[in-house]
Structure formats: C-alpha cells, structure tokens
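S.K.: Please see the structure below; I have some questions.
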Amino acid sequence: MAVTGKDRYGRTIGGVLLSDGTNVNHELVKDGWCCWHQKYAPGDTVLEGLETDTLEAKKGLWADPQPVPPWEWRKKEVAVESSKTSIFCCTLLTLPMS
C-alpha cells in the first residue's frame with residue numbers, strides 16, 4: 001500500500017499496488033465496485049475517466065437504475081431515525097499515487 005495521508009477520522013488513505021503493477025484502486029473503479037470520491041482525489045483524470053466509462057456501461061454499483069453514491073446515501077441516513085434494520089456502506093477512497 002502506498003500511503004498518501006489520513007482522513008479526518010485518522011484512517012489511512014492510499015493506493016494498493018499488486019506485485020505485477022496492477023493498481024487495485026483503478027480496477028475497483030473500472031469494474032464499478034467503488035466510487036471515485038472527487039473530494040479526496042480532485043483532478044485525477046484517470047479515475048474520472050474510469051468512472052465515466054463505468055457509469056455509461058452501467059457496470060457494478062452503477063447497474064442500479066437510480067444509483068446513489070455512498071456519501072449521498074450517508075447524508076440521507078443521518079436525517080432518518082434509526083430503524084430495526086441496520087445497513088451500512090463502505091467506500092474505498094481512491095487517491096492518486098505519488
């Protein structure tokens with residue numbers, strides 16, 4: 001893992017590279033299994049392009065007819081009183097690797 005920093009909660013932020021050079025962050029965005037969070041990787045044209053292609057192809061999470069990015073879903077959930085069912089969502093923060 002190539003650590004690029006910490007988020008406001010002290011969690012490690014970075015990129016994951018495999019020994020064969022595969023960028024796991026890019027692969028997850030390309031396959032639609034995580035979102036490019038512009039707040040944490042502003043101006044990353046590679047991630048932007050991968051997510052644009054994935055959105056257009058309706059792959060992974062974007063196959064849903066009305067997809068909701070995790071940060072928008074969380075905002076809605078904060079406003080809703082807790083129910084008997086607890087649902088949570090994870091986001092892979094993808095950042096450019098230095």
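The values are calculated or read from the model by the stated rules, or taken from the named source; none is laboratory data. In this text the structure is predicted, and so the values were computed from the model without any measurement. Neighbour counts run over all protein chains shown; Cβ positions are idealised from the backbone, glycine included.
S.K.: Does region 39-66 hold any residues that are closer than 26 Å to ARG8 by Cα and either touching a strand residue (DSSP E or B) at 6+ places or on another chain (Cβ under 7 Å) or part of a loop (DSSP other than H, G, I, E, B) (or both), and which are they?
M.R.: Once the filter is applied, which keeps residues that are closer than 26 Å to ARG8 by Cα and either touching a strand residue (DSSP E or B) at 6+ places or on another chain (Cβ under 7 Å) or part of a loop (DSSP other than H, G, I, E, B) (or both), region 39-66 yields LYS39, TYR40, ALA41, PRO42, GLY43, ASP44.
S.K.: Would a scan of region 20-29 turn up a residue that is surrounded by 14 or more Cβ atoms within 10 Å (Cβ to Cβ), outside any helix (DSSP H, G or I) and out of contact with any helix residue (DSSP H, G or I) (no Cβ under 9 Å at 6 or more places or on another chain)?
M.R.: First pass over region 20-29, keeping only residues surrounded by 14 or more Cβ atoms within 10 Å (Cβ to Cβ): 23-29.
With the extra rule that they be outside any helix (DSSP H, G or I), the set shrinks to 23.
Add one more test, that the residue is out of contact with any helix residue (DSSP H, G or I) (no Cβ under 9 Å at 6 or more places or on another chain), and what stays is none.
The answer is no, given that none of the residues of region 20-29 is surrounded by 14 or more Cβ atoms within 10 Å (Cβ to Cβ), outside any helix (DSSP H, G or I) and out of contact with any helix residue (DSSP H, G or I) (no Cβ under 9 Å at 6 or more places or on another chain).
S.K.: Let me ask you something else. What number of residues within region 33-52 satisfy the criterion of being loosely packed, with under 13 Cβ neighbours inside 10 Å, more than 15 Å from PRO69 (Cα to Cα) and at pLDDT below 85?
M.R.: Matching residues across region 33-52 total 2.
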